[in-house]
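Down below is the structure, laid out as structure tokens.
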Amino acid sequence: MEKILLRNVDVPDSHTLATYTSRGGYRSWPEVVQNMKPEQLIEVVKASGLRGRGGAGFPTGMKWSFVPKDSPKPKYLVCNADESEPGTFKDRLLIEKDPHAIVEGTLISAYAIQSHTAFIYIRGELVFGTARLERAVEEAYQAGYIGKNIFGSGYNLDLIVHRGAGAYICGEETALLSSLEGSRGWPKMKPPFPATHGLFGCPTVVNNVETLAALPWIIAHGPAAYAAIGTEKSKGTKLFSVSGHIAKPGVYELEMGYPLKKFLDEDCGGVPNGKKLKGVIPGGGSMPVLRPEEIEKVNLDYESVQAAGSLLGSGGVIVMDETTCMVRAAWNLARFFAHESCGQCSPCREGCHWMEKIFHRIEHGNGEKNDLDLILNISGNIMGNTICPFGDAAAMPAAAFIKKYRDEFDAHIAEKKCTVAN
Amino acid sequence: MSVEFSPEALKKFEETLARYPKKEAAMLPVLYLAQQEFGHLGPEAIEYVAKLMGQAPARVHGVVSFYTMLNMKPIGRHHIQVCRTLSCALGGAEKITAFIKQKIGIEPGQTTADGRFTLSEVECLASCGTAPMMQINDDYYENLNEEKVAAILEKLT
């Protein structure tokens, strides 16, 4: 398979403008800004079938088309580089090794919605990645790819690299915009959607790093070439971050629809040390865990993973072998969500902490008979009752761990101790 | 203690404001600048930033208290942040934290008496494929084991 997203990352000095252009970079952007109308560009990306890679999988071209063309307000494009989903480290690789692909994709996306100010919102912890992106932006300004009257087209664009300051919730697009407005990263109700009421109440599109990095290739090769890869509804390639009990962890680029089991056993070298597989989280820490028998027929595309009862999400694949205590794993993720809840909606603010406390007491030998039903009840009361999808993201995995490994939870409570030796 | 930006920081502040379409959007970069200048963001620093940004101190306080990377209390010269989320936990993060605790004699959330180290346990740092890992100030240290950690800590004076 031809690599689209990871085509440059293994090349020496892949982060520099010289290397990027020598490998075909910055050919799409001049073509777009000089010869394409925004409507044409939107049609091309719609035809490619590209869907947002941040987790939700919403069609990118359609997202752009929701921005009103006649609005008198300024429009904003934001690249979401706030990668924080447990088990996900694909955007970080692109940020550090191929920042110009992200910059070029950001410019193309900004042009599609006729934005003249774009931002790359990068998570604050990625200091090295921030430096790489800032340098790439500086180089792109110097080369005339960004700035005033780009290539004589009359189109002006500024690009600002903006650092977050440590808050998982800012990966959610409305929270990200609140943060960019200088506030706490609090999500906002949708509708209205950012496409009409985004940054400072102006039309705004937020696109994930991986989505944007695919754009230069799509423009260069045409939408049909991209749409020819993948499945009927999930087009193109996607990055998967693999971690946990796996022989070869790392970031892999796969054609959409690649079999999960084959991927883990063959490409990633399987579960090491002769241990058996116990569970796989296929799409980052907010997605329900799957048992070994559930992954047999799962393919890595949006529809197949959903049919198996989980979600493709960010493509963060966390592998757990037979030595893993599933109560402890559930507690670990519950603690993550309790720590990261923004505190706005009471079901999530209170419920995440309650779930964390109950998982903790089960794992530490103090579980009570009704605890599992209690967690399922709390989880059910969070689901669908919060402003943003964080509530569901916290509730779904908690319920899935209990439902799929009930015996292990029951044993912890009955024997009043952790029953998995490690 | 008078809390005020140096002339250099004031220049940086003006440059930062000039980059943004609206002043409010510059809040996080200005808070970073203040943290760099003052070491941490105590009540005086928050009041000063509020004045510079034309906002109520309570609002700035609300922002500072929301983000983990903005410190309201002084921290050590080297802020050790061990990732504790699932992939790192599966890779042995708890043992790494226990080793560091024993090595520098403090619990997470504490700072050594000499101000050399602050220890924190933090959530996912997007380095799950190279677990266990930690961040110290601006730098990531990945694929850790006890020997590596000992060697890293020794170099940090």
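Say whether the condition of being closer than 24 Å to A:Pro59 by Cα, part of a helix (DSSP H, G or I), in contact with a Pro (Cβ under 9 Å, 6 or more places away or on another chain) and in contact (Cβ under 8 Å) with a residue 40 or more places away in the chain is met by at least one residue in segment A:177-195.
Within segment A:177-195, one or more residues are closer than 24 Å to A:Pro59 by Cα, part of a helix (DSSP H, G or I), in contact with a Pro (Cβ under 9 Å, 6 or more places away or on another chain) and in contact (Cβ under 8 Å) with a residue 40 or more places away in the chain.
I'm told A:Ser115 meets every condition in (1) touching a strand residue (DSSP E or B) at 6+ places or on another chain (Cβ under 7 Å); (2) within 26 Å of A:Gly313 (Cβ to Cβ) except one. Can you identify the failing condition by its number?
(2)
When B:Arg19 is evaluated against the numbered criteria (1) of a type outside the set (A, V, I, L, M); (2) buried (at least 16 other Cβ atoms within 10 Å of the Cβ); (3) facing chain A (nearest Cβ under 9 Å); (4) touching a strand residue (DSSP E or B) at 6+ places or on another chain (Cβ under 7 Å), which criterion, by number, is the only one it fails?
Only one criterion is unmet by B:Arg19, namely (2).
Going through B:Ala150, B:Ala98, B:Ala93 one at a time, which residue ends up being out of contact with any strand residue (DSSP E or B) (no Cβ under 8 Å at 6 or more places or on another chain), of a type outside the set (Lys, Arg) and either surrounded by 15 or more Cβ atoms within 10 Å (Cβ to Cβ) or free of Cβ contacts under 8 Å to residues at least 12 places away in the same chain (or both)?
Sole residue among the options that is out of contact with any strand residue (DSSP E or B) (no Cβ under 8 Å at 6 or more places or on another chain), of a type outside the set (Lys, Arg) and either surrounded by 15 or more Cβ atoms within 10 Å (Cβ to Cβ) or free of Cβ contacts under 8 Å to residues at least 12 places away in the same chain (or both): B:Ala98.
When you go through (1) outside any loop (DSSP other than H, G, I, E, B); (2) more than 30 Å from B:Ala131 (Cβ to Cβ); (3) touching a residue at least 12 places away in the same chain (Cβ under 8 Å); (4) among the small types (Gly, Ala, Ser) one by one for A:Ala213, which number turns out not to apply?
With respect to (1) outside any loop (DSSP other than H, G, I, E, B); (2) more than 30 Å from B:Ala131 (Cβ to Cβ); (3) touching a residue at least 12 places away in the same chain (Cβ under 8 Å); (4) among the small types (Gly, Ala, Ser), A:Ala213 is out only on (2).
Could you tell me how many of the residues in segment A:216-252 are assigned to a loop (DSSP other than H, G, I, E, B) and within 14 Å of chain B (Cβ to nearest Cβ)?
Residues flagged as assigned to a loop (DSSP other than H, G, I, E, B) and within 14 Å of chain B (Cβ to nearest Cβ) within segment A:216-252 amount to 5.
Within segment A:50-70, can you find the residues that are under 19 Å from A:Glu172 (Cα atoms) and of a type in the set (Ser, Thr, Tyr)?
The answer is A:Thr60, and nothing else.
Among the candidates A:Glu322, A:Glu363, A:Glu293, single out the residue that is buried (at least 18 other Cβ atoms within 10 Å of the Cβ) and over 16 Å from A:Gly55 (Cα atoms). Talk me through it step by step, then tell me what you get.
Working: A:Glu322 fails: buried (at least 18 other Cβ atoms within 10 Å of the Cβ); A:Glu293 fails: buried (at least 18 other Cβ atoms within 10 Å of the Cβ).
After applying the criteria, what remains is A:Glu363.
Please count how many residues of segment A:302-317 are assigned to a loop (DSSP other than H, G, I, E, B) and surrounded by fewer than 24 Cβ atoms within 10 Å (Cβ to Cβ).
Within segment A:302-317, residues that are assigned to a loop (DSSP other than H, G, I, E, B) and surrounded by fewer than 24 Cβ atoms within 10 Å (Cβ to Cβ) number 4.
Criterion first (in contact (Cβ under 8 Å) with a residue 12 or more places away in the chain, in a strand (DSSP E or B) and buried (at least 18 other Cβ atoms within 10 Å of the Cβ)) does A:Val327 satisfy it?
On the way: in contact (Cβ under 8 Å) with a residue 12 or more places away in the chain: yes; in a strand (DSSP E or B): no; buried (at least 18 other Cβ atoms within 10 Å of the Cβ): yes.
Judged against the criteria, A:Val327 is not a match.
Looking at segment A:230-240, is at least one residue among the acidic types (Asp, Glu), on the phi < 0 side of the Ramachandran plot and within 19 Å of the chain's Cα centre (by Cα)?
Looking through segment A:230-240, none of the residues is among the acidic types (Asp, Glu), on the phi < 0 side of the Ramachandran plot and within 19 Å of the chain's Cα centre (by Cα).
Please verify whether B:Glu123 is in contact (Cβ under 8 Å) with a residue 24 or more places away in the chain, buried (at least 18 other Cβ atoms within 10 Å of the Cβ) and either within 14 Å of another protein chain (Cβ to nearest Cβ) or over 18 Å from the mean Cα position of the chain (by Cα) (or both), treating the condition exactly as stated.
yes
Does segment A:188-206 hold any residues that are surrounded by fewer than 17 Cβ atoms within 10 Å (Cβ to Cβ) and among the small types (Gly, Ala, Ser), and which are they?
A:Gly201
Do the conditions hold for A:Ser84, that is, is it farther than 27 Å from A:Asn156 by Cβ and in contact with a Cys (Cβ under 8 Å, 6 or more places away or on another chain)? Give the derivation first.
Details: farther than 27 Å from A:Asn156 by Cβ: yes; in contact with a Cys (Cβ under 8 Å, 6 or more places away or on another chain): yes.
Against the criterion (farther than 27 Å from A:Asn156 by Cβ and in contact with a Cys (Cβ under 8 Å, 6 or more places away or on another chain)), A:Ser84 qualifies.
Taking the condition of being in contact (Cβ under 8 Å) with a residue 24 or more places away in the chain and more than 17 Å from the chain's Cα centre (by Cα), how many residues in segment A:122-138 meet it?
Narrowing segment A:122-138 to residues in contact (Cβ under 8 Å) with a residue 24 or more places away in the chain: A:122-126, A:128-130, A:132-137.
Those left that are additionally more than 17 Å from the chain's Cα centre (by Cα): A:128, A:130, A:132-137.
The qualifying residues number 8.
The numbers here are math on the coordinates, done by the rules we state, and not lab data. From a predicted model like this one, the values you see are computed outputs, not experimental measurements. Glycine also receives a Cβ, built like all others from the backbone with ideal geometry; neighbour counts cover every protein chain displayed.
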